[in-house]
1. What number, rounded to the nearest 500 deg cm²/dmol, is the helix-based mean residue ellipticity at 222 nm of the chain, given -39500 (n - 2.57) per DSSP H run of at least four residues and division by all its residues?
2. Restricting to DSSP loop positions (anything but H, G, I, E, B) with no more than 10 other Cβ atoms inside 10 Å of their own Cβ, which GluC sites (Glu not before Pro) remain in the stretch 15-122?
3. Between the stretch 102-134 and the stretch 13-53, what's the alpha-carbon centroid distance in Å?
4. Taking the Cα centre of the chain as origin and charging only Cβ (+1 Lys, Arg; -1 Asp, Glu), how large is the dipole, in debye to the nearest 20?
5. Find which of ASN40, PHE79, VAL139 sits farthest along the positive direction of the dipole of the stretch 1-141, computed with +1 on the beta-carbon of Lys and Arg, -1 on that of Asp and Glu, about the Cα centre.
6. For the stretch 83-148, give the magnitude of the charge dipole about the Cα centre (Cβ charges: +1 Lys/Arg, -1 Asp/Glu; no others), in debye to the nearest 20.
7. Set the Förster distance to 30 Å, then compute FRET efficiency between ASP24 and LYS87 from the Cβ-Cβ distance, nearest 0.05.
8. Taking the Cα-to-Cβ direction at ASN59 and at ASN16 and moving 7 Å from each Cα, how far apart do the two end points lie in nm?
Amino acid sequence: MRAVLQRVTSAQVVVNKKTVGQIDHGLLILLGIAEGDTRNEAEWLANKTSELRIFEDENAKMNLSLLDGNGSALVVSQFTLLADCQKGRRPAFTKAADPEIAKMLYEHFSEQLRSKGLRVEQGTFGADMKVSLTNDGPVTIVIDRGPS
């Protein structure tokens, strides 16, 4: 499982010219589900994401997490995060999970964030989405978690 966390002042996802998810201050989370990933990886990643201290405190130090009241999460599925670009000029996506499994784990990840009391918006799994954001910092973190 791979997540790209972007600290944002705003982010939104549009599908077919309709906004399906939107947040102000918080994290835009691009989530790629790999073959072999399970609920364990989704739970570990939700814990790590919600507790990661990447928001500034009153002294402008990154000491606060999303759980410390630093906004909402917008979770967007993105299988292209699993692209293998080692050979040739066209990325291979063979490491991405089957869409049925990926959707279930994407939903489980989002529910794990919600269970911590966070406001969570989502994109539309499998849709052609237009994602816009205002990156804050910029702060962008990549987290990988393989099957345990």
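Every read-out reported here was derived from the displayed coordinates using simple, explicitly stated rules and does not represent laboratory data. These figures come from a predicted structure and were not determined experimentally. Note: ideal-geometry Cβ built from the backbone for every residue, glycine included; neighbour counts use all protein chains shown.
1. So the helix-based figure for the chain works out to -6500 deg cm²/dmol.
2. Qualifying residues, ordered by number: GLU58.
3. Computed from Cα coordinates, the inter-centre distance equals 5 Å.
4. Computed charge dipole of the chain: roughly 440 debye.
5. PHE79
6. 200
7. Details: r = 42 Å, r/R0 = 1.39.
Step by step, r from the Cβ atoms, then E = 0.10.
8. So the label points at ASN59 and ASN16 sit 5.2 nm apart.
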